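Trainee: First, the structure itself, so that you have it in front of you.
The values are calculated or read from the model by the stated rules, or taken from the named source; none is laboratory data. None of the values given here were measured: they were computed from a predicted structure. Glycine also receives a Cβ, built like all others from the backbone with ideal geometry; neighbour counts cover every protein chain displayed. Side chains included, ligands, DNA and RNA excluded: accessible areas come from the protein's heavy atoms. Shrake-Rupley method; radii C 1.70, N 1.55, O 1.52, S 1.80 Å.
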Amino acid sequence: AGFSGSITASTQGPAFYTGVCTAARCPGNSSGASVPEICTCNPGFSGTITASSNPPDYFTGSCTPAICPTNTTGSNIFSGCQCAAGLTGSVWATSVPPFVAHNCTPVGCPTNSSGQSLFSGCTCNAG
């Protein structure tokens, strides 16, 4: 599986066949030597590529952009994930599940207010 081409019997030696089987290339958003030698999704992409004997691609599966993690906004890492309101930090692509990571941490409540953080909610002090 993972090879394209054809082999036809021949009366001509020394091999007694014509044709060639060529390893399918890894699809977009993935990397590796070839489909039979295993393709892995690039950082920030989630999915699986599996060798197949079915044309035209000779593989099944795909690598799609990782969705934005909890406490961030956006749809996927490549369209832009940002820390949610009241949090500060960064979001970046990784090569290990869930293929995206962040260090979003709560911002403290400002002067003359109380609460745990802007993320969980602050209220103005009485006075």
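Trainee: Limited to region 1-12, what total is found for residues that are more than 10 Å from residue 58 (Cα to Cα) and open to solvent by 50 Å² or more (accessible area, probe 1.4 Å)? Working first, answer last.
Mentor: To start, the set of residues in region 1-12 that are more than 10 Å from residue 58 (Cα to Cα) comprises 5-12.
Imposing the further condition that a residue be open to solvent by 50 Å² or more (accessible area, probe 1.4 Å) reduces the set to 5-9, 11-12.
Counting residues in region 1-12 that are more than 10 Å from residue 58 (Cα to Cα) and open to solvent by 50 Å² or more (accessible area, probe 1.4 Å) gives 7.
Trainee: Oh, and also: Residue under question is residue 49, and the condition is that it be out of contact with any Asp or Glu (no Cβ under 6 Å at 6 or more places or on another chain), free of Cβ contacts under 8 Å to residues at least 24 places away in the same chain and among the aliphatic types (A, V, I, L, M); does it hold?
Mentor: Against the criterion (out of contact with any Asp or Glu (no Cβ under 6 Å at 6 or more places or on another chain), free of Cβ contacts under 8 Å to residues at least 24 places away in the same chain and among the aliphatic types (A, V, I, L, M)), residue 49 qualifies.
Trainee: Among the residues of region 52-66, write down those that are within 17 Å of the chain's Cα centre (by Cα) and either farther than 16 Å from residue 39 by Cβ or open to solvent by 80 Å² or more (accessible area, probe 1.4 Å) (or both).
Mentor: Narrowing region 52-66 to residues within 17 Å of the chain's Cα centre (by Cα): 60-66.
Listed by number, the residues that qualify are 65, 66.
Trainee: Something else about it: Go through region 70-94 and give me each residue that's more than 10 Å from the chain's Cα centre (by Cα), open to solvent by less than 50 Å² (accessible area, probe 1.4 Å) and either of a type in the set (Asp, Glu) or modelled with pLDDT under 95 (or both).
Mentor: 80
Trainee: I'm checking my understanding of the structure. Among residues of region 96-127 that are among the aliphatic types (A, V, I, L, M) and in a loop (DSSP other than H, G, I, E, B), which one is surrounded by the fewest Cβ atoms within 10 Å (Cβ to Cβ)?
Mentor: The initial filter retains those residues of region 96-127 that are among the aliphatic types (A, V, I, L, M), namely 96, 100-101, 107, 118, 126.
Subset that is in a loop (DSSP other than H, G, I, E, B): 96, 107, 118, 126.
Working: 96: 8, 107: 16, 118: 17, 126: 5.
Residue satisfying both the conditions and the ranking: 126.
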